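First the structure, in the form of structure tokens, and then the observations on it.
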């Protein structure tokens with residue numbers, strides 16, 4: 001019985017899920033506008049360069065813009081997938097989505113600033129030695145820990161909101177008619193989001209309590225994201241296959 005039902009819905013699945021949000025809601029339309037505005041804020045200058053010097057100055061920020069754009073696109077994709085999978089537009093979803101959009105807009109400039117500093121470090125100049133056009137240091141040793149706290153705070157907030165969104169969807173699993181595999185995938189996404197939250201919190205702790213090398217180590221921590229996602233995905237994939245086999249055998 002269960003096997004026949006699984007086979008019946010498999011044709012309507014998208015990446016293991018039956019899409020429940022087929023139409024773009026007003027909530028998603030607002031979200032897309034906010035993401036577009038956030039990307040606009042990343043642009044170094046809204047005016048077309050008039051000289052080669054201005055053009056080269058704009059191109060100097062290409063690396064940080066590309067990194068920030070990739071992260072914003074990743075956040076947008078996760079939000080898009082959530083609405084396609086669950087199609088929720090209730091009050092809790094609207095509040096959490098509004099919080100996500102607030103975080104995105106508020107942390108655009110800190111995000112770009114951090115990536116500008118990081119890419120500047122790879123060019124061989126320490127960020128606290130750089131001087132802005134106004135003569136002030138771009139970043140001092142005393143400001144570095146707080147910069148990492150701000151950056152990691154935004155990182156934690158984004159993934160915590162995604163975890164809460166998917167927990168909300170899981171809580172509504174009966175009304176959404178989530179099958180066992182969809183429930184498993186929902187909880188897997190919650191766990192993945194919480195792993196990212198843990199990495200961000202670890203970065204904050206290192207930046208605040210790690211001494212002179214704390215902010216640097218707080219940045220290095222983010223290299224754990226790749227291995228952590230791979231390990232989580234591998235373990236979840238194996239568990240999902242066992243669940244799928246169990247359901248098919250039933």
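What to note about this one:
- Only one entry in 175, 152, 125 is assigned to a loop (DSSP other than H, G, I, E, B) and either at pLDDT below 95 or closer than 19 Å to residue 199 by Cα (or both), namely 125.
- Any hit, segment 146-156, residues being farther than 20 Å from residue 107 by Cα and either touching a residue at least 24 places away in the same chain (Cβ under 8 Å) or buried (at least 20 other Cβ atoms within 10 Å of the Cβ) (or both): no
- Of all residues making up segment 72-91, the number that are touching a residue at least 24 places away in the same chain (Cβ under 8 Å), assigned to a helix (DSSP H, G or I) and loosely packed, with under 15 Cβ neighbours inside 10 Å: 0
- If only residues of segment 129-143 that are at pLDDT 55 or above and under 16 Å from residue 119 (Cβ atoms) are counted, the one that is surrounded by the most Cβ atoms within 10 Å (Cβ to Cβ) is 139.
- Considering 107, 159, 115, the condition of being modelled with pLDDT of 95 or more, in contact with a helix residue (DSSP H, G or I) (Cβ under 6 Å, 6 or more places away or on another chain), surrounded by 13 or more Cβ atoms within 10 Å (Cβ to Cβ) and at negative phi is satisfied by 159 alone.
- With respect to being surrounded by fewer than 18 Cβ atoms within 10 Å (Cβ to Cβ), touching a helix residue (DSSP H, G or I) at 6+ places or on another chain (Cβ under 9 Å) and either touching a residue at least 24 places away in the same chain (Cβ under 8 Å) or within 20 Å of residue 230 (Cα to Cα) (or both), residue 202 fits the description.
- Residue, farthest from residue 88 (Cα to Cα), within segment 10-36, restricted to residues that are out of contact with any helix residue (DSSP H, G or I) (no Cβ under 7 Å at 6 or more places or on another chain) and modelled with pLDDT of 85 or more: 36
The values are calculated or read from the model by the stated rules, or taken from the named source; none is laboratory data. Quantities reported herein were computed from a predicted structural model and do not represent experimental measurements. Virtual Cβ from ideal backbone geometry, glycine too; neighbours counted across all protein chains shown.
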